[in-house]
There are 2 protein chains.
Amino acid sequence: MSKIATKVLGLLTTKASSQNAFKRLLSTQPSKLVYSEYGDPIKVIQRANEDISDPKDGEVLIKMLAAPVNPADINTIQGKYPSKPPLPAVPGNEGVGKVEKVGGGVTDICVGDHVVPLTNNLGTWRTHLLLKKENVLKVPQKLGLVEAATLTVNPCTAFRMLRDFTSLKPGDTVMQNGANSACGQNVIQICRSWGIRTVNIVRERPNLDELKAFLTGLGATYILTEEELRTTNLFKSGEVDRPKLALNCVGGKNALECTRHLAPGAPMVTYGGMSREPLTVPTSALIFKDIQFRGFWMTRWSKDNANSVDRLEMFEELISLMTNNELQGPSHKMVNFDNYKEALMNTMTVQGMIGKKYILDFHS
Amino acid sequence: MSKIATKVLGLLTTKASSQNAFKRLLSTQPSKLVYSEYGDPIKVIQRANEDISDPKDGEVLIKMLAAPVNPADINTIQGKYPSKPPLPAVPGNEGVGKVEKVGGGVTDICVGDHVVPLTNNLGTWRTHLLLKKENVLKVPQKLGLVEAATLTVNPCTAFRMLRDFTSLKPGDTVMQNGANSACGQNVIQICRSWGIRTVNIVRERPNLDELKAFLTGLGATYILTEEELRTTNLFKSGEVDRPKLALNCVGGKNALECTRHLAPGAPMVTYGGMSREPLTVPTSALIFKDIQFRGFWMTRWSKDNANSVDRLEMFEELISLMTNNELQGPSHKMVNFDNYKEALMNTMTVQGMIGKKYILDFHS
């Protein structure tokens, strides 16, 4: 170290020792995205510097590594989402960080550990995050950065929908529409690892063969377009058992079409409505076929199960699948935090769950 | 007894003693309604004499007293109902009879007891019925004939829908449309006895005040027309808690309107579709409000619970409510068995569950 540098550091250490500014100057200036009114994300979001104090007892200071931009984040900023954080708010619900400092009494989390924040609406789109130790999940360093950053929404949604609405055993069949969605890809892979067959419905498109090859590679058992589903003989012929569960993120006519093929008593779980059309439910499907129409919202589940054993077991299994390469993260593009507007714009224009996931990258 | 009569009886006893014809001549000639093809009930149903043998071990011979004509019976004869009895078939799923003779080993049922047949599709529209003892339920003689004859469908449907889809406690609110249906009237009365408040939706009609007075008399807490429901302040004002359960026999727009008022997580149970319009389910009601759309079919429940403790407990409680005058049978008209066509015609023209129930009367 040069003499001048030593002198500057000495000065800084003396002047701001109580706020521990020295360490943070060696890292990056803490900053965050923030909005004070609901509206167009490009307009209402500002970048702002932040003062981060040292972690108190039971707290950990995290330097964020990556945080995805999810469609639900956009809707939240627009004020169109049912969970409205008090303003001003920092956007972002997912991410992964590295522990930079721990407070007193924190023994199971160490500096350098990779952790995933676990609470809703705390705002992950910032360089640094100060959290209670019970609100972070330590993840293995060998877990991919993308898998860790996107752990708490899509893979968990897929896992819970497959687990909580009916009892599935190896050889059973699950049907899903919007099968190429981020969640749908997780459904395919988790089902493969559990020995469950998947009938995957996608929309007709120019590069259909490419998509089919991709989903087959993930472990999809059958892939049908919405048109093919209408005339398929797959279930009538007995080639595959009628699905014991349907997962619906489309709504409208396709959901109705899926209902027709379900086994008696099967639940259809709705977690999205990409067609923007409601579900049409024939009375006979309810009464005589006993089809159950349910909904799932990961945000509510996480809130209701903040400290549940089920939640920890789920993370353990998902992380195990990911580190064994049985469950891969979504196709994505990393975008430097400085270019956050690019990530916002792209997430807004690719409409919902289709396409690449844009992930804020805090390496600078 | 005259000498001639004595001689005739002697003759009959000698000639047909193996078939026990003597006793039956003293009662009535056994006969039944029967159809050999699905179609218009008036055309396909014939009256036919029947040979009834003596009850074997474990069997009871029942002389029917009363059997209602339900809309589902009409649909079954038309071939429009999902449960299709093998042909030729005797119509009728409900009724009450008097035990005329018991076979060997039957100790808990005696001649003269009133019993309700318990199996589906056995055909109650006949003067005599030979059944295994486990397929009949002994009911108290003090139970009203109409209540006994109509015990196994509407009161049971109401009971199970209130019991099996959510946990209700005194003070909770249940909402139902088609509240003046036979089932709806049972819902009102059972809820009153359990301390549960009911919000009852009916259609606008000329004699609305009369209907409101009738339903209020049964114990209805609130009665609203479909129009009034659209603008009501009942729930927003906090006058009554949001319903924890909705029962739907209408479908279409009214069901959607009911959905809007439900408490988060509440189930809407569909058991009919009088509007002939499907249910429209907004995606947000499923995902963010966690409303559950389920169906109920008494026929399936009874089949699945043929010998369950739940079933016996339900009958016990319903019969207790009925004999305490807390639960009354439907408004009805008794029609002599000979005039069965009148009962069929009327049930077919009053469309579904609205109006009087027509009950075949086997007293002759």
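Assorted remarks:
- Where chain A is carried onto chain B by rotation, the Cβ closest to that axis, with its residue and distance in Å, is A:PHE293, 2.
- Within the shell of other residues whose beta carbon sits under 13 angstrom from the beta carbon of B:GLY112, the net charge comes to +2, with Lys and Arg scored +1 and Asp and Glu -1.
- Whole-number accessible area per residue in Å² for the range B:154-299, which is evaluated in the context of all protein chains at 1.4 Å: 37
- Label point of A:GLN328 (7 Å along Cα→beta-carbon): distances to the other copies' equivalent points are 7.1 nm, sorted ascending.
- Rounded to the nearest 20, the Cβ-based charge dipole of the protein assembly as shown about its Cα centre (Lys and Arg +1, Asp and Glu -1) stands at 200 debye.
- Point-charge dipole on Cβ atoms (K/R +1, D/E -1) for the range B:98-221, about Cα centre, debye to 20: 120
- Taking all pairs of distinct alpha-carbon atoms in the range A:64-149, Kirkwood radius in angstrom: 13.6
- Given +1 at the Cβ of Lys and Arg, -1 at the Cβ of Asp and Glu and no other charges, the dipole of the range A:154-299 around its Cα centre is 300 debye to the nearest 20.
- Label-to-label distance, A:ASN346 versus B:LEU87, with points set 7 angstrom from Cα along the beta-carbon direction: 6.5 nm.
- The fraction of accessible area contributed by carbon and sulfur in the range A:154-299 is 49 percent, rounded to a whole number (1.4 Å probe; ligands and nucleic acids excluded).
- Stokes-Einstein translational diffusion, chain B - Kirkwood Rh over all Cα pairs, 0.890 mPa s, 25 °C, in µm²/s: 111
- Per-q log10 I(q)/I(0), the range B:214-286, q = 0.24, 0.27 Å⁻¹ (Debye; single scatterer per alpha-carbon; no solvent): -1.31, -1.45
- Within the protein assembly as shown, antiparallel bridges make up roughly 55 percent of the DSSP beta bridges whose residues both belong there.
- Label point 7 Å beyond Cα of A:ASN307 along Cβ direction - residues of the range A:131-156 with amide nitrogen under 20 Å: A:131-138
- Reduced Cα scattering model of the range A:75-217, Debye log10 I(q)/I(0), q = 0.11 Å⁻¹: -0.58
- A:THR231-A:ASP209 FRET efficiency (beta carbon distance; Förster radius 22 Å; 0.05 resolution): 0.65
- Placing a label point 7 Å from Cα along the Cα-to-Cβ direction at A:SER36 gives distances to the equivalent points in the other copies of 8.8 nm, listed shortest first.
- Loop GluC sites (Glu not before Pro), the range B:89-160 (other Cβ atoms within 10 Å of the site Cβ: 13 or fewer; DSSP): none
- Computed over the range A:161-309, the P(r) tail beyond 21 angstrom holds 42 percent of alpha carbon pairs.
- Taken one residue at a time, the phi angles of the range A:55-71 give Karplus couplings (6.51, -1.76, 1.60, θ = phi - 60°) of x, 7, 4, x, 10, 10, 9, 10, 9, 5, 9, 7, 8, x, 9, 9, x Hz. Gly and Pro are set to x.
- Convex hull (Cα only) mean projected area of the range B:289-364, reported in nm² to one decimal: 8.6
- Across the cross-link table entries A:LYS138/A:LYS357; A:LYS132/B:LYS236; A:LYS303/B:LYS212; A:LYS236/A:LYS356; B:LYS63/B:LYS357, which are compared at the Cα atoms, the separations over 32 Å belong to A:LYS132/B:LYS236; A:LYS303/B:LYS212; A:LYS236/A:LYS356.
- Interface A:B - total buried accessible surface [probe 1.4 Å, Å², rounded to 100]: 2100
- Annotation: the antiparallel percentage among DSSP beta bridges lying fully within chain A is about 55.
- For the range A:238-277, residues shielded by at least 20 square angstrom of accessible area compared with the chain on its own, probe 1.4 Å: A:THR270
- Listed residues B:THR127, B:THR152, B:THR283, most fluctuating in chain B (Gaussian network, C-alpha, under 10 Å): B:THR283
- Each copy carries a label point for B:GLU228 at 7 Å from Cα toward Cβ; from one copy, the others' points are 5.5 nm away, ordered from shortest.
- The protein assembly as shown: radius of gyration and largest Cα-Cα distance (Dmax), Å: 33.6, 142
- Positive minus negative residues near B:ALA306 (Lys, Arg vs Asp, Glu; Cβ under 15 Å): +2
The values are calculated or read from the model by the stated rules, or taken from the named source; none is laboratory data. Quick caveat, the model's predicted, so the values are computed rather than measured. Positions of Cβ are generated from backbone atoms using ideal geometry, with glycine treated the same way; all protein chains shown enter the neighbour counts. Please note that ligands, DNA and RNA were not included when accessible areas were found on the heavy atoms of the full protein model with its side chains. Shrake-Rupley method; radii C 1.70, N 1.55, O 1.52, S 1.80 Å.
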